[in-house]
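**Q** My questions all concern the structure below.
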Amino acid sequence: MPPMQSGRATFEGAVTNRLINFYVSRSAALGLPIVEHAYISLTGKLSPKQLGIYDDALISGFEQLASAIHAVGAPAILQITHAGGVANKKVINAQPAGPSASGKMRELQKTELEAIAEEFVLATERAVKAGFDGVELHGAHGYLLNQFFSPLLNKRQDEFGGSLEKRMRFPLLVVNAVRRALTGKVLLYRLGADDLAPNGIQIADAVAFAVELERAGVDVIDVSGGMCGAEPKQLRKLQGYFISQAHEIKQAVHVPVIGVGGIAEAAYADRLVREEKVDLVAVGRALLKDSTWAFKAVETLTAAPKTNVDVI
């Protein structure tokens, strides 16, 4: 299950019983539940009831959440994030900041980049203390790490902007810092592999970045959209609309790759793995609508003969 914001946290970002129940009801038949994005800093908050892991006082709630997911037999991964330039000004009571000055966004200074990297590390350490099996860094859907990678938003003239190598530098700085803090745990990176824009991230850029992510110690690459978001209007009617990007990345790396994109049919998901298009399949909105989807998928795939479903 990919991370999907549920709006079930408190205004302070704390775990609630409603949030725990949301994951418990879905996790027993899942191979890998990834808990929705938790903001690492008060300046990186996206929405009022977003989950947060910016303070040690929040650890006890995450302990309950991780324990509850483990109790139904599943591992627990937490996605951590900073919204950067798309943070909600009214929510953070400050001007949002990102890689470059643009519209309502101011440019982050180098000292601020070091501080944000440290906030990612502290959030990781809290997740580990809470009992999570690993973390996923959110580098997709137009959030801060994705903003630095994308030439659509990163117009910097220093060592953190310009060429592909320079645009990868800050995300990789964060990856390396988090990797050091995550000894013995799993590190995932949600990679915005395509901006779906002529001057944005192209798949060749994402493949090059994926190779560097693997080299930096990322254990699993979770492929999704870049500045186009998780559900681009022009693709949403297709099933598996980011699978082609995930497959190209899978051919370039040796770590497992997750594919996603409006997947709702168990037989289709099964074939994606059997035909080695991807290593894992993320099912989001179908699980959001039906908490028993994974249980039904197990029954369907166990009882039915393998059907012919076109795989893109």
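Coordinate-derived values only; no laboratory data. Just so we're clear, the structure is a prediction, and the values are computed from it rather than from any experiment. All Cβ positions, glycine included, derive from the backbone under ideal geometry; neighbour counts span all protein chains shown.
**Q** Who wins for biggest fluctuation among Val186, Val178, Val260 in a Gaussian network model of the chain, springs between alpha carbons below 10 Å?
**A** Comparing Val186, Val178, Val260 in a Gaussian network model of the chain, the most mobile one is Val186.
**Q** As a check on your grasp of the helix formula, calculate [θ] at 222 nm for the chain: sum -39500 (n - 2.57) over DSSP H runs of n ≥ 4, divide by the residue count, round to the nearest 500.
**A** Counting only the DSSP helices, I get -11500 deg cm²/dmol.
**Q** Need one number: nm distance between label points at Gln251 and Asn199, each 7 Å from Cα along Cα→Cβ, rounded to one decimal.
**A** 3.0
**Q** Taking amide hydrogens as modeled 1.01 Å from N in the peptide plane, which residues meet the under 5 Å criterion relative to Asp222, leaving out close sequence neighbours?
**A** Here the answer is Tyr189, Arg190, Leu191, Ile258, since their amide H atoms fall under 5 Å of that of Asp222.
**Q** Same structure, new question: With springs only between Cα atoms under 10 Å, which of Val257, Val91, Val278 fluctuates most in a Gaussian network model of the chain?
**A** Val91
**Q** List, in the order given, every pair from Lys45/Lys129; Lys155/Lys289; Lys185/Lys233 whose Cα-Cα distance in the structure shown is over 29 Å.
**A** From Lys45/Lys129; Lys155/Lys289; Lys185/Lys233, over 29 Å: Lys155/Lys289; Lys185/Lys233.
**Q** Between Lys129, Lys89, Lys289, where does the largest GNM mean-square fluctuation fall for the chain, given springs only between Cα atoms within less than 10 Å?
**A** The residue that fluctuates most here is Lys289.
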